[in-house]
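Here's the structure, in structure tokens; my notes come after.
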Amino acid sequence: MNSTEPGVGLVTGAASGIGAAIAKLLAERGWRVAGLDLDSSATELSLQADVTDRTAVQAAVDRVAEELGPPGLLITAAGVYRQLPVEDIDDDTWRRMLAIHLGGAANACWAALPGMLARGEGTIVTISSELALAGGGNDAHYVAAKGAILGFTRSLGLELAPRGVRVNSVAPGPTDTPLIAADSPSRAPDYLATLPLGRLVTPDEVARTVLYLVEEGTYFAGQTISPNAGAAI
Amino acid sequence: MRLEGKTALVSGGGQGLGRAIALRLAAEGARVAVNDRTPSEKVDEVVEQTKGVAAIADVSDPDAVNRMVAEVEERLGNLDVLVANHAYMTMAPFVEHDPDDWWRNVDVNLSGTFFLIRAVLPGMRRRGGGRIAIIASEFGVVGWANATAYAASKAGLISMTKTLGRELGPENILVNAIAPGIMDTPQLDVDADDAGVSPEEIRRRYAAESPIGRIGRPEEIAALVAFLASDGAGALVGQILQPNGGTTRGPG
């Protein structure tokens, strides 16, 4: 299974937070990493595009193939987070949340999969959230979108396992990234005290979990691994 | 070499998954104690290859476990890593299963793991942390016809993992479980005997039932245990990891 050996990888959401940590670690491990984000990323090939735009994502993947080679690895980490009580989630906010998370993952898979399937190998890791396992509060739109990623991953994983493409998800707990604002309740000592580990997850811990799946998780298909400091057990 | 300077105890380390786990932990730099129920050439071989120590005890005997762990700690120091990998498995239709043998599954798999954890905890607390990887089974997640005893014991391990994840997490002792699907271990030869087919045929059948099209390799479980024992897995606690080639939906 050659897809575990360093080749070309595409990371969405690579400009900051978890995506940036994953891109950095993969590069350290010898991968040629392209980053796709609204902002520029510190990757070998930084591509700026909106993951909700299927045509733009396809164009980005085509450029990766031209400049670095066809990606055998895809990490979908693009995401946004904003707390809202359910009655304040309007139609656009709801649809946009689904478009970024579920649509972003699906668009990247649609673009990268034909090449992987033609070669009979590939690795995809979607980034979900611990909140999709345990639920949250004031974030029904976000959790619905992240939960959809889990269902998508499980089915895609089973569908593609016979064809040599491994699809799994990492569902991080509250992670110390810019997505969690400085004044977020997730940083409050009262909240952290409710976690068995009493602290936030580090971006590196999420990246190391992704790296494990990429390099050695060769018998996982459609599964979710959740480094979450005990937030969801 | 992520585990340089670490110490590990692997129960059921003489063959199958345990052997692969012991070899991998040693390859990553850990000093390994290889537990098995009785001395054997197989255990000696793993001890020799890992440059580790033998740790003979029946894990279902709490006094024997306490003595064994004390001896290991004397030779290697307090343990950083415990891998509860031992297993006893017999199958029979529920009402026909011999009660003593039924309980033997539970005594070895569930109670044996409890005895091991209880014995290594004081040492892990002295070290200020530890990693415990429990080898459960897919049968404990989805159930399996004619395996009530084994499946119950493994499901008990899963619940215990979640509970100890919460209970010991604050002490930086991280308990997680692995629920593998069908792996290429000597158990498959037993399955072949039971089914009246060749070892090759039983492996072919299981592979055909798996979405990924093959049975799992012990080295794949060993790699996951090595990751769980490493610094990078520091946010994983109370989790059930399922390397199973996609068979979570069960057979058929």
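Any residue at all in the range A:54-75 that is at pLDDT 95 or above, part of a loop (DSSP other than H, G, I, E, B) and more than 18 Å from A:THR123 (Cα to Cα)? There is no residue in the range A:54-75 that is at pLDDT 95 or above, part of a loop (DSSP other than H, G, I, E, B) and more than 18 Å from A:THR123 (Cα to Cα).
Out of all the residues in the range A:120-151, which are of a type outside the set (S, T, N, Q) and in contact with a strand residue (DSSP E or B) (Cβ under 9 Å, 6 or more places away or on another chain)?
A:GLY120, A:GLU121, A:GLY122, A:ILE124, A:VAL125, A:ILE127, A:GLU130, A:ALA132, A:LEU133, A:LYS146, A:ILE149, A:LEU150, listed by residue number.
Tell me which helices (runs of 4 or more DSSP H) are completely within the range B:186-237 and hold 1 or more residues being in contact with an Asp or Glu (Cβ under 6 Å, 6 or more places away or on another chain) and surrounded by 15 or more Cβ atoms within 10 Å (Cβ to Cβ), or say none if there are none. Before the answer, list the steps.
On the way: elements: B:187-195, B:199-209, B:218-229.
So the answer is B:199-209, B:218-229.
Taken together, B:VAL65, B:VAL72, B:VAL47, B:VAL32 contain a single residue that is farther than 20 Å from B:ARG217 by Cβ, without any contact (Cβ under 8 Å) to a residue 40 or more places away in the chain and of a type in the set (A, V, I, L, M, F, W, C), which is B:VAL47.
Scanning the range A:203-223 for residues that are in contact with a strand residue (DSSP E or B) (Cβ under 7 Å, 6 or more places away or on another chain) and either more than 9 Å from chain B (Cβ to nearest Cβ) or more than 30 Å from B:GLU138 (Cβ to Cβ) (or both) turns up A:PRO203, A:VAL210, A:LEU213, A:VAL214. The set of residues from the range B:128-151 being among the small types (Gly, Ala, Ser) and closer than 22 Å to B:LEU82 by Cβ comprises B:GLY128, B:GLY129, B:GLY130, B:ALA133, B:ALA136, B:SER137, B:GLY140. The condition of being buried (at least 24 other Cβ atoms within 10 Å of the Cβ) and farther than 16 Å from A:GLY79 by Cα holds for only one of A:ALA134, A:ALA118, A:ALA145, A:ALA111, that being A:ALA111. With respect to B:ARG214, is the statement that it is touching a residue at least 12 places away in the same chain (Cβ under 8 Å) and more than 10 Å from chain A (Cβ to nearest Cβ) true? Considered against the rule, which asks whether it is touching a residue at least 12 places away in the same chain (Cβ under 8 Å) and more than 10 Å from chain A (Cβ to nearest Cβ), B:ARG214 comes out as no. Of the residues making up the range A:15-53, those that are part of a loop (DSSP other than H, G, I, E, B), within 21 Å of A:MET116 (Cα to Cα) and among the aliphatic types (A, V, I, L, M) number 1. Only one entry of B:VAL190, B:VAL141 meets the criterion of being within 14 Å of chain A (Cβ to nearest Cβ), out of contact with any Lys or Arg (no Cβ under 6 Å at 6 or more places or on another chain) and over 22 Å from B:PRO62 (Cβ atoms), and that entry is B:VAL141.
Does B:ASP193 count as among the charged types (D, E, K, R) and more than 18 Å from B:PRO243 (Cβ to Cβ)? Here the answer is yes, as B:ASP193 does meet what is asked.
The rows are residues; the columns are (1) within 19 Å of B:GLY216 (Cβ to Cβ); (2) facing another protein chain (nearest Cβ under 10 Å); (3) among the β-branched types (Val, Ile, Thr).
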{"position": "A:GLY147", "(1), (2), (3)": "no, no, no"}
{"position": "A:LEU156", "(1), (2), (3)": "no, no, no"}
{"position": "A:VAL167", "(1), (2), (3)": "yes, yes, yes"}
{"position": "A:VAL170", "(1), (2), (3)": "no, no, yes"}
{"position": "A:GLY198", "(1), (2), (3)": "no, yes, no"}
{"position": "A:PRO227", "(1), (2), (3)": "no, yes, no"}
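The strands (runs of 3 or more DSSP E) found wholly in the range B:1-57 and carrying at least 3 residues that are out of contact with any Phe, Trp or Tyr (no Cβ under 9 Å at 6 or more places or on another chain) and closer than 21 Å to B:ARG127 by Cα occupy B:7-10, B:31-36. Could you tell me whether the range B:147-167 includes any residue that is in a loop (DSSP other than H, G, I, E, B), farther than 30 Å from A:VAL165 by Cβ and either within 14 Å of chain A (Cβ to nearest Cβ) or touching a helix residue (DSSP H, G or I) at 6+ places or on another chain (Cβ under 8 Å) (or both)? The answer is yes; a qualifying residue exists.
The values are calculated or read from the model by the stated rules, or taken from the named source; none is laboratory data. Treat the numbers as computed from the prediction; the structure is a model and nothing was measured. Every residue, glycine among them, receives a Cβ derived from its backbone with ideal geometry; neighbour counts consider all protein chains shown.
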